[in-house]
Each structure stands twice: as C-alpha cells, then as structure tokens.
Amino acid sequence: MKRNLTQKILESHLVEGEFQPGIEIAITIDHTLLQDATGTLAMLEFEALGIYGVKAELAAQYVDHNLLQADNKNADDHRFLQTAAARYGVHFSKPGNGVSHQVHMERFGVPGKTLLGADSHTPGAAGVSMLGIGAGGLDVALAMAGYPYHLLCPKVLGVKLTGSLPDWVSAKDVILEMLRRYDVKGCVGKIVEYYGPGVKTLSATDRETIGNMGTELGATSTIFPSDDRTREYLVAQGRSDAWKELSADEGAQYDEQAEIDLSKLEPLIAKPSSPGNVVPVREVAGTKVHQVIVGSSANSSFRDLMVAAKILAGRQVYPDVSFNVNPGSRQVTENVYQAGGLMDFLSAGARIHEPGCQGCIGMGQAPGTGEVSLRTFPRNFPGRSGTKNDQIYLCSPETAAAAGLKGAITDPRDLAKEMAYPRIQDPEKYLVNEKSIIFPSAELRKTVVVRGPNVRPLPKLEPLPGRLVAEVILKVGDNISTDGIMPAGSKVLPLRSNIEAISEFVFSQIDAEFAKRAREKKTVVVVGGQNYGQGSSREHAALAPRYLGVRAKIVKSFARIHLSNLCNFGVLPLTFKDPADYDRIEAGAAVVLDDVRKHVAQGDREIPVTIGGKKIITVLDVSERQRRHLLAGGTLNFVKEELKKTA
C-alpha cells in the first residue's frame, strides 16, 4: 500500500494499536521538550516517578518564557530546572538562549524522529520533518521516563502546494490561509501533511512557521517532507549527518485533501481576538497602529527578522509606533548582526529584546489601553497580551514592518512604490553558538537539585468516589482557551511550581470570584461550549481547577490536549449527548452523578447526570487506559501504584 509520510513515521514508532483513525495508539518518543512555564511542574512529576535518569534518546529543557526576574520566583525556578536537568541527564538551554522550538530545530532536530513537547507549538519541528506533538507536562515526564505516548490515531489531511509565493507574501500568509479556511477547530483529530511541487519553494524556517501555527487549527501535528531544502538547512547548521530524505509514496492516499496555489495568496491578517478571524490585510488597511512586534516562536528566524530589517533599512519607525524585535535564538541574533540587520533595526528606532517568548506569553510588552498591536505571534486570545480588552492582530513580518513605517495597518504590497521587495537568502553556513546549552554528563549527574521556596510539592489527589454531589459554579461559551482558564502573564507565570498559589487565578479573567467560591463549595462542576480548552498545553489549566475542587467538566466538545490533561488529573471530561442540554443549564444548579465510579469502571460511554433536578445523558469518550487513570484520581497516582507492583 502506498503510504503518506505521516503513516510512515507513526508506524515506525508504533508500539500499541494499529493505524486506524479514531483508535488509541501508543508511539515511542525519541526527543522530549520542556520549557520553563511548563517544565517546573513536569520536572516535579518526573521526580515523583522515582526514576533516576531520563530514558528518552534526547531530553531538553528550555528557559524561554519566564524571563522577567521581578523577584526571586523565576530565578529560583531556573536554578531548580538547571540543577534538575543536570541531575537527570537533560540538556539545559539557559535563559536568553532562545525559544525552545527555534533552538531545538537548530541544534537537535532530526528528520523522521518523534518529539513530544510540553508546549502546544511543538509541531514547529515540521521545519526539519520531525513529527512534533504538543502535550501536557505529565505526558512528557512519562516519555522522559521511557513510557510511550498515547493518542487517538489521527486522520491525515493532505495539503498539496503548487506555485510559489509572490513578493510581499510569506509563510505566515500560508498558515493564515489555512486558518481562514478551517478556523481554530477545523483540523481537530488530524495531522496536516504538506506535499506537492510548491513545498520546495519553502525554506526550513518557512515550514517551521507553518507547522508551529498548525496548532491553532486544532491539529495534532504538521509534517513536511525532508528534501533538499531540509538538507540545505542542516548543512548550514553544521549538522549534515542528521539529514535523510523522507517523503510520501507517489500516489499516497489521504483521509482528506486540500490544495493551495501559493502564487495566488495575498497578505492576510487575523483580527482580534482569534487566530481564525482571518481577512485580507486590505480589508482593515488604515487602522491606526500603536505597537508592532516581530518575532516569537512562529516568526523569529533569520529570514523573518532580516526581511523586516531590510524593509526598515534607511527609514524611521512611525513616531506613534513602538516597534519591538524578539529574536528566536542567540544564534539568530548573531547571524542577523553579522548581516547588518541589527543596525538597520536600531537606526530605524526599533527596540531589540533578548531571545525569548516575551509578549507572546504575556511576559511584558503589553499594549496600552485601547491600543492596536500587530504581532507575528501565533495567538491573540482575549487578554493574553496582559491588557484587558486588547486589540491584537496577527500578521507576517512584511505586514508588521509596513505598519511600523506607516503607523497604520498597510498592505505591504503598497511598499513596492517605494522599494524593491527584499528577498532574503538564508546563510550557507550559520554562525553556531552552543555555549548557552549545558549538555548532560556523568559528572553533572552528581548535582544536588536546588529548590527555592516557590517550588512546592505536588498536591495529593483523591481517587474518584462512588458518587459525586456538586454544583455548577461556572458556565462559559465556545472556544474558551487555556488562557481563559489559567492565565499567563508576568503576575501568574512565576507561580507555575506552586499549585496552591496559582490556583487563585483560575478563571480570574472570566470570574474574579471563582477560586473563592470553589473553595467554599468544595466539589464543583464547570459547563462549557465547543472546543473547550483550546490553545496552550499548560496542564495547570486542569490541575489547578482540580485542586480547587473541580471534579467534572461538561461541555459540547474538548480540545485534544486539554481533554488528555483532565484525564491525567482525575477530572471527568464529559460531553453533552444532546448539545441542546447546554442551554437548559444555569450556573448554581445542583449536580449529582450517582454510581459514577461504577459507570466509569465498567466502561459505560453514557454517564447519566442529574442537573437542577433534571436527568441528562453525558458522554465519557475516553480510552480504557484513561478510565483507569480517572478512577485512580489521576495518571501519576496510577503509574506510581503500577511501579510499586513491579518494584
């Protein structure tokens, strides 16, 4: 049978199940990725397993989110992560070395390997034909310990690319076109595989941009073939031995198919406040702009920064605009410097920041009240920037630079009247700097792990009781993101290793009294709409509510990673059998789940729930493995008991 590339990679790593969409499978994981916003909790979970060292082929810990050291908390967490990485055999990328996705692709990415990351944008590894999947930190901790990763076997959406991008249009516009077509949940349960003659016109870093933001489609992952462009990139990185050719068989079949003629694309932009709210730039041209940021995990490569630098070269940023540059890595910064790009930025009045996520995770760079901000970031969920009622637009580096010059949203093609389009060639040989990566060694394995006062033990979670009596404490609508459940930003992110403290912020952007009322009620339920829990992989959005007493969530549908995280922490992820029941439920209604433990244990898919005195039917659509974890009160409880049995 002629196979697509997704099938080839998954089947070569398959250890449980068979390639049949919708059926749970398990795959071996070659590389794991942690970043500091998720890594502190994941490292605590890894330690709780009692395993002395990582068993994955390569494990890496990056510090790229919590860079702002306003007090001791982030610095303490960084020391904890560095010493834990040394102790357990994990590569450690120091603060300021760069964004995890960019650095992993530069220094460690290998075509055909699997990468499980505690960051939802891990599919950016598609840039080097690596199958990257975002997951909760506990799933990554288990992969570090040598356990396989379980997921529902995805469908494969084959997207044929033809033609080549015209001037002033770039890879960001390709993924924005996909979001225009599919919105934020159109690719749930799918891996997006790009193929066709247009692929060769996209560089490795172009592909990283597309793969990174494929997460916003709801996709499990994204994959590109490994071809001469991949080899070109790895050779330039001094890692030619990592390259191998990979592609789908000629005539391979896909579950679904689409086609994009790259030559017909135009500059696109996602309006507030969703990555799926995409329109042509010309439709919003003229909107006054106050802030521009080029960079982040999706658009912080050499090419992306250099095209913006050359657009600004010899010109001045508009007086009312704050123009910011966030390089993806120290290596990118050094190469842009060598090519003259940093001087172009500085002379034009831009602000250069250290390599890292920065404003993408709400760690600084918040816009002012009522101000419009254009960003090359992957997300613009409400309030994610740190400013209430923010107006965040997502766009390409070309569109961002045009707005920076003109002070208003501008179709970058209009700049053709003033300048030639700067087509950027990647270096034939990058300046390589690995001095800020601490590689594992036998000597470092003797390191004593250092824990600051903010690094607190994991909370104990009780098993699922026979009967649940609770109250609907909150009802929310569609597309609630993990930012809405568990906010990021400079105030909350430093509490990642302290569940008791961070739980005070659960749903704080939606209901400031949620944590207080949840503690008073002790056992509570949250009701939601479609695509509940989209966005970040942060497992704090499952664990912190569980700590407050949330034992079930009843929604119309769940985002993939959040559903898995709920199971990992013993929160029942229930969906309405009849979506109309959502409209019949009000906050404050009493909830009773009789014999719930029995229903879960015997494999019942339909779970009766009495809400406000009326019985409805909900659906528990999880695997047998996840049922065992729910019964135990969470995955960690279950795995630790299993380890005791085999000890």
Please state the charge dipole magnitude for the stretch 420-506, taken about the Cα centre, from unit charges on C-beta atoms (+1 on K and R, -1 on D and E), reported in debye and rounded to the nearest 20. 320 debye
Can you compute the charge dipole magnitude of the stretch 468-646 about its Cα centre, using +1 on each Lys and Arg Cβ and -1 on each Asp and Glu Cβ, nothing else charged? Give it in debye, rounded to the nearest 20. 460 debye
Taking 156-164, 216-224, 123-131 and ranking on average Cβ neighbours within 10 Å, highest first, one gets 123-131, 216-224, 156-164
Given Cα pairs under 8 Å that are at least 6 residues apart, what percent is the relative contact order of the chain? 14 percent
Could you sort out which of LYS460/LYS522; LYS491/LYS516; LYS172/LYS264; LYS553/LYS640; LYS8/LYS185; LYS160/LYS310 sit more than 21 Å apart by Cα distance in this structure? LYS553/LYS640; LYS8/LYS185; LYS160/LYS310
Among MET343, PHE323, CYS357, flag the residue with its Cα farthest along the positive direction of the charge dipole of the stretch 322-419, charges on Cβ as +1 for Lys/Arg and -1 for Asp/Glu. CYS357
Out of LEU631, ALA647, PRO608, whose Cα points farthest toward the positive end of the dipole of the stretch 591-647 (charges: +1 Lys, Arg; -1 Asp, Glu; placed on Cβ)? ALA647
Between GLU250 and ALA601, what is 0.36 nm times their sequence separation minus the Cα-Cα distance? Round to one decimal in nm. 121.8 nm
Averaging sequence separations of C-alpha pairs under 8 Å and six or more residues apart, then dividing by the length of the stretch 5-264, give the relative contact order as a whole percent. 23 percent
Using a 10 Å cut-off around each Cβ, can you sort ASP511, ASP173, ASP261 from fewest to most neighbouring Cβ atoms? ASP261, ASP511, ASP173
Which whole-angstrom value gives the distance between the alpha carbon centres of the stretch 555-632 and the stretch 307-337? 49 Å
What FRET efficiency would be calculated for the residue pair GLU586, ASN389, taking the C-beta separation as r and a Förster radius of 22 Å, to the nearest 0.05? 0.25
Check ALA408: other-chain or 5+ apart residues with amide H under 5 Å from its amide H, H built from backbone geometry? VAL289
Along the Cα-to-Cβ line of PHE19, 7 Å from the Cα, sits a label point; which residues in the stretch 180-221 have backbone N less than 15 Å from it? 191-194
Zone of GLU11 (label point 7 Å along Cα→Cβ, backbone N under 11 Å): which residues in the stretch 253-277? 253
Where the centre of each part is set by its Cα atoms, how far does the stretch 402-478 sit from the stretch 23-57, in angstrom? 17 Å
Unit charges on C-beta of K, R, D, E only; dipole of the chain, Debye: 1260 debye
Put in order of increasing Cβ neighbours within 10 Å, starting from the fewest, LYS172, LYS577, LYS553, LYS73 give LYS577, LYS73, LYS553, LYS172
Ascending count of other beta-carbon atoms within 10 Å, so fewest first, for LEU543, LEU49, LEU593, LEU151: LEU49, LEU151, LEU593, LEU543
Loop only per DSSP, at most 11 neighbouring Cβ atoms within 10 Å: give me the GluC sites (Glu not before Pro) in the stretch 382-491, ordered by residue number. GLU418, GLU428, GLU443
Note: LYS516 to ASP478 extended length (0.36 nm per residue) minus current alpha-carbon separation gives 11.3 nm
Run the quick spin-label model on GLU266 and GLU232: label points 7 Å from Cα toward the beta carbon, then report their separation in nm to one decimal. 2.9 nm
Listed by chain and number, the residues whose amide H is under 5 Å from that of ARG351, excluding neighbours fewer than 5 places away on the same chain and using placed H, are PHE323, ASN324, VAL325
Among LEU67, MET43, THR230, which residue has its Cα furthest toward the positive end of the charge dipole of the stretch 5-264, with +1 on Lys/Arg Cβ and -1 on Asp/Glu Cβ? LEU67
Relative to the present Cα-Cα distance, how much length would full extension add between TYR52 and GLN316 at 0.36 nm per residue of separation? 89.5 nm
Using θ = phi - 60° and the Karplus curve 6.51 cos²θ - 1.76 cosθ + 1.60, what whole-Hz ³J(HN,Hα) does each residue of the stretch 387-397 get, with Gly and Pro shown as x? 10, 5, 6, 5, 10, 9, 10, 10, 7, 7, x
Can you give me the long-range amide H partners of GLN391? Hydrogens built in the peptide plane at 1.01 Å from N, cutoff under 5 Å, separation of 5 or more residues or another chain. SER373
Under 8 Å for C-alpha pairs, at least 6 residues apart: give me the relative contact order for the stretch 568-647, rounded to a whole percent. 39 percent
For the stretch 444-451, Karplus couplings with θ = phi - 60° (6.51, -1.76, 1.60), whole Hz, Gly/Pro x: 5, 5, 8, 4, 8, 6, 9, 10
Could you give each residue of the stretch 101-113 its phi-based ³J(HN,Hα) in whole Hz, using Karplus coefficients 6.51, -1.76, 1.60 with θ = phi - 60°, and x for Gly or Pro? 5, 5, 5, 5, 5, 5, 9, 10, x, 9, x, x, 7
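Read the figures in this text as sums done on the coordinates, not as results from a lab. Quick caveat, the model's predicted, so the values are computed rather than measured. Counting neighbours? That spans all protein chains shown, and the Cβs are built from the backbone with ideal geometry, glycine included.
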